[in-house]
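The values are calculated or read from the model by the stated rules, or taken from the named source; none is laboratory data. Just so we're clear, the structure is a prediction, and the values are computed from it rather than from any experiment. All Cβ positions, even for glycine, are placed from backbone atoms using ideal geometry, and neighbour counts span all protein chains on display. With ligands, DNA and RNA removed, areas are computed over all heavy atoms of the protein, side chains included. Shrake-Rupley method; radii C 1.70, N 1.55, O 1.52, S 1.80 Å.
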Amino acid sequence: MDLGLDGAVVLVTGGVRGVGAGISRVFLRAGATVVTCARNEPEQPITVDGRTTEFLPCDVRDPEKVAELVDGIVARHGRLDAVVNNAGGSPYALAADASPKFHAKIVELNLLAPLLVAQAANAVMQKQETGGSIVNISSVSGSRPSPGTAAYGAAKAGIDSLASSLAVEWAPKVRVNSVVVGLVDTEQSHLFYGDEEGVAAVGETVPLGRLATPDDIGNCAAFLASPLAAYVSGSTLTVHGGGERPAYMAAAGTKETK
């Protein structure tokens, strides 16, 4: 299916590894010009079918750097059609033990930074005849308990609220949506789930029987950014393979949901 993204200029923050790399690959396949950013340049750019992402260094928590990033994209390509706010994350730290500075940094990266990028992108998109689309990569941690990453979960809940508010403020030129992501198998999965056997065991807890791939998330982000979702704004698309089986089923020794 043609997503209508051929020739579109797309910015993917944190688009150089993990989920971000999957998002970048999908947009490349769709024919978009993909600009990625991160604090540090990757060893290798993302390449698909002979097409390669561009890279610009940027700390998305810094308003001046974000403005330079967006201005640089427009200066080079003349427009900015879509932004995927993917940069984010959090190390494990119990809320009672983490410092106030730690909590502030997590909220800054996962909530305030996407707002900064969205503001800069919106200023460009409002002047374009075709407007633009902003997709925030959120998490199921924003709607369920997130022990060990409490500030991260709270920030992701904020991202979903932010999308609904910006969708109203910036309509009709700019659409804003969230992709609510569940468990994803990336190059860092072993840090959370152990070896391949551990990753597979975690995947079995998902109703669809596996973890998501980064490209699964990219497909959903590309749909929301595309003209196919022209009437979708202020929405959250949950991508979690069916979620989690209720704990009482495991306690009762029940494996089947049917």
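Residue by residue, here is whether (1) without any contact (Cβ under 8 Å) to a residue 24 or more places away in the chain; (2) part of a loop (DSSP other than H, G, I, E, B); (3) out of contact with any Leu (no Cβ under 6 Å at 6 or more places or on another chain); (4) more than 26 Å from S139 (Cβ to Cβ) holds:
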{"residue": "G7", "(1), (2), (3), (4)": "no, yes, yes, yes"}
{"residue": "V10", "(1), (2), (3), (4)": "no, no, yes, no"}
{"residue": "G22", "(1), (2), (3), (4)": "no, no, yes, no"}
{"residue": "V34", "(1), (2), (3), (4)": "no, no, no, no"}
{"residue": "E43", "(1), (2), (3), (4)": "yes, yes, yes, yes"}
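For segment 119-143, which residues satisfy the criterion of being under 20 Å from L69 (Cβ atoms) and within 13 Å of the chain's Cα centre (by Cα)?
Within segment 119-143, I134, V135, N136, I137 meet the criteria.
Among residues belonging to segment 1-20 that are of a type in the set (G, A, S) and either touching a Phe, Trp or Tyr at 6+ places or on another chain (Cβ under 6 Å) or surrounded by fewer than 22 Cβ atoms within 10 Å (Cβ to Cβ) (or both), point out the one that is farthest from D215 (Cα to Cα).
Here the residue is G7.
Working carefully through the options A82, A123, find the one that is open to solvent by less than 30 Å² (accessible area, probe 1.4 Å), among the hydrophobic types (A, V, I, L, M, F, W, C) and closer than 25 Å to S161 by Cβ.
Just one listed residue meets the conditions, A82.
Looking at segment 21-54, which of the residues that are in contact with a strand residue (DSSP E or B) (Cβ under 9 Å, 6 or more places away or on another chain) and acidic (D, E) is least open to solvent (accessible area, probe 1.4 Å)?
E54
Take segment 237-252 and flag every residue that is closer than 21 Å to S143 by Cα and either part of a loop (DSSP other than H, G, I, E, B) or at pLDDT 85 or above (or both).
L237, T238, V239, H240, G241, G242, G243, E244, R245, P246, listed by residue number.
Can you tell me which residues in segment 55-76 are closer than 22 Å to L224 by Cα and either of a type in the set (S, T, N, Q) or open to solvent by 20 Å² or more (accessible area, probe 1.4 Å) (or both)?
V74
Does any residue of segment 50-59 turn out to be at pLDDT below 95 and either out of contact with any helix residue (DSSP H, G or I) (no Cβ under 6 Å at 6 or more places or on another chain) or part of a loop (DSSP other than H, G, I, E, B) (or both)?
So far as segment 50-59 goes, yes, one or more of its residues are at pLDDT below 95 and either out of contact with any helix residue (DSSP H, G or I) (no Cβ under 6 Å at 6 or more places or on another chain) or part of a loop (DSSP other than H, G, I, E, B) (or both).
Quick one: which helices (runs of 4 or more DSSP H) sit completely within segment 134-236 and have at least 2 residues that are buried (at least 19 other Cβ atoms within 10 Å of the Cβ) and not aliphatic (A, V, I, L, M)?
Here the list reads 150-169, 214-225.
Please verify whether segment 239-250 includes one or more residues that are over 30 Å from A98 (Cα atoms), in contact with a Cys (Cβ under 8 Å, 6 or more places away or on another chain), open to solvent by 50 Å² or more (accessible area, probe 1.4 Å) and not hydroxyl-bearing (S, T, Y).
Scanning segment 239-250, I find no residue that is over 30 Å from A98 (Cα atoms), in contact with a Cys (Cβ under 8 Å, 6 or more places away or on another chain), open to solvent by 50 Å² or more (accessible area, probe 1.4 Å) and not hydroxyl-bearing (S, T, Y), so the answer is no.
Kindly evaluate I106 against the criterion of being farther than 20 Å from G132 by Cβ and crowded, with 17+ Cβ neighbours inside 10 Å.
Numbers: farther than 20 Å from G132 by Cβ: yes; crowded, with 17+ Cβ neighbours inside 10 Å: yes.
Answer is yes for this residue.
Using the structure shown, decide if T257 is assigned to a loop (DSSP other than H, G, I, E, B), within 17 Å of the chain's Cα centre (by Cα), of a type in the set (S, T, N, Q) and at pLDDT below 95. Spell out how you get there, then give the answer.
Numbers: assigned to a loop (DSSP other than H, G, I, E, B): yes; within 17 Å of the chain's Cα centre (by Cα): no; of a type in the set (S, T, N, Q): yes; at pLDDT below 95: yes.
For T257, the condition - assigned to a loop (DSSP other than H, G, I, E, B), within 17 Å of the chain's Cα centre (by Cα), of a type in the set (S, T, N, Q) and at pLDDT below 95 - is not met.
Among the residues of segment 85-92, is any within 16 Å of A151 (Cβ to Cβ), outside any loop (DSSP other than H, G, I, E, B) and at pLDDT 95 or above?
Looking through segment 85-92, none of the residues is within 16 Å of A151 (Cβ to Cβ), outside any loop (DSSP other than H, G, I, E, B) and at pLDDT 95 or above.
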